[in-house]
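The structure under discussion appears below in the form of structure tokens.
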Amino acid sequence: MKITIVAPYCSLPTEPHFNRFWYLAELLAQKHDVLLITSNFKHYDKSFRRPQDAETASQGRLRVMLLEERGYRKNVSVARLQSHHVFVKNLEKWLENQKNGNIDLVYSAYPFIASNLVLGKFKQRLGYKMVIDVQDVWPESFSAVLPFMKKIGHRNFPFAARADKAYAYADGLVAVSESYLRRAREANPDAPGEVVFIGADFEALESAPAKQFDPTATRFFYLGTLSFSYDMETVCKGIRQLADEGLNVELHVMGGGPDLEKLKQYESKAIRFYGYIPYTEMMSVAKGCDIAVNPIHAHSAASITNKLSDYMALQKPVLNSQIHPEVAEVLTLVPHENYESGNVKDFVRAAKALLNQKNGSVQSEEIIRRFKRDVSYRKIVNLIERLGNEKTD
């Protein structure tokens, strides 16, 4: 099959972040011809790729193409919308130059809404099947920036009709959580679908040696973005209060984002910020720590995130503020304690409670079944190949 993957935020192998779409591209390229289309702009550090980066990443039946966009400095900005518009226009120009039979199946990341609308528009002329992979629900994610929107029914959100139209184009649906798949199926109830968590690279995790720390301290850790969806300020204040009370605790924060500089005011002997570091180094630090922190604001629309997949693979206890039924069910696989986001006193209470049960039972076999990528991603491959066979029958 000739498969095109459209993933604007995809990380390439030399870059520090895991990306579902690169992993899937390599998996599919074992049997199929794969073209991965991504952006020349790196969202995570706001820098541009060079044309030769695509050549370096391409490997035989897996080819990489970079589409130009303008770039932006802030995640929430008019400049970001304008940049995405340029990417989508360039995608449209590329599709206009394709012939029927050049593409058998398109596997597309959602969001963007606009890129999926363009891909849907060309489906009939170019004769391909289309699978949409729902990484985030948009425009519902507005609630992370504007919490009052949580009270509005999501079908009344701005752009909800455009989102429905994008979902409706899909011949197959994949989502990183059951709730995201359910949202897509509101607009496309008959499409076959699979829930496949982001998952984790268990092999890379196993090969990373645990970093050696002072064995007398209890180390909390956080992996990922530092932005408006994550209440890291409460975590920093809580750790500082625990230290002030005489507990030997530390916080290790790996990742970056727009809130990093503001949070650095809390940097101390007990609180360390690493910034972006390679995945294996991040796993080494995490393996040397004791308790993971999942500090998502209560008003966020997020569900099973990248960091939660890594936390599950690490099989560490989790201190959690995220309110989501699917997350609550997943957390039953490890020792955990919940606290109210924004409430330092409740964070301290929950942290102390988790210290007393951090050696509780872990459901390792179930974690492997749900989160080990070479196991769970076969469901995506099977869906793609099934749809491809329908096209050729």
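The values are calculated or read from the model by the stated rules, or taken from the named source; none is laboratory data. Keep in mind that this is a model prediction, so the values were computed, not measured. Neighbour counts are summed over all protein chains in view; Cβ atoms, including those assigned to glycine, are modelled from backbone coordinates with ideal geometry.
General remarks:
- Condition met for Leu36 (in contact (Cβ under 8 Å) with a residue 60 or more places away in the chain and under 22 Å from the mean Cα position of the chain (by Cα)): no
- Qualifying residue in segment 115-138 (condition: out of contact with any helix residue (DSSP H, G or I) (no Cβ under 8 Å at 6 or more places or on another chain), over 20 Å from Glu390 (Cα atoms) and modelled with pLDDT under 95): no
- For segment 241-268, a tally of residues being buried (at least 17 other Cβ atoms within 10 Å of the Cβ) and over 23 Å from Tyr279 (Cβ atoms) returns 4.
- Qualifying position, being over 15 Å from Ser341 (Cβ atoms), in a helix (DSSP H, G or I), in the same structural domain as Ile304 (by TED's automatic domain parsing) and small (Gly, Ala, Ser), among Ala243, Ala210: Ala243
- Given (1) of a type in the set (Asp, Glu); (2) under 25 Å from Pro325 (Cα atoms); (3) not in a helix (DSSP H, G or I), number of the condition Glu250 does not satisfy: (2)
- Counting only helices (runs of 4 or more DSSP H) that fall entirely inside segment 335-378 and contain at least 2 residues that are under 25 Å from the mean Cα position of the chain (by Cα) and modelled with pLDDT under 95, the qualifying elements are 364-371, 373-376.
- Single unsatisfied condition, Ser179 versus (1) hydroxyl-bearing (Ser, Thr, Tyr); (2) crowded, with 18+ Cβ neighbours inside 10 Å; (3) modelled with pLDDT under 95; (4) not assigned by TED's automatic domain parsing to the domain that holds Leu383: (4)
- Considering segment 205-241, and only residues there that are within 17 Å of Val318 (Cβ to Cβ) and among the aliphatic types (A, V, I, L, M), the residue that is nearest to the chain's Cα centre (by Cα) turns out to be Leu223.
- Answer residue from segment 1-30, given it is surrounded by fewer than 18 Cβ atoms within 10 Å (Cβ to Cβ) and of a type in the set (D, E, K, R) and is nearest to Tyr279 (Cα to Cα) among those: Glu26
- Matching option when the condition is of a type in the set (Gly, Ala, Ser), farther than 24 Å from Cys10 by Cα and touching a Gly at 6+ places or on another chain (Cβ under 8 Å), among Ala191, Ala184: Ala191
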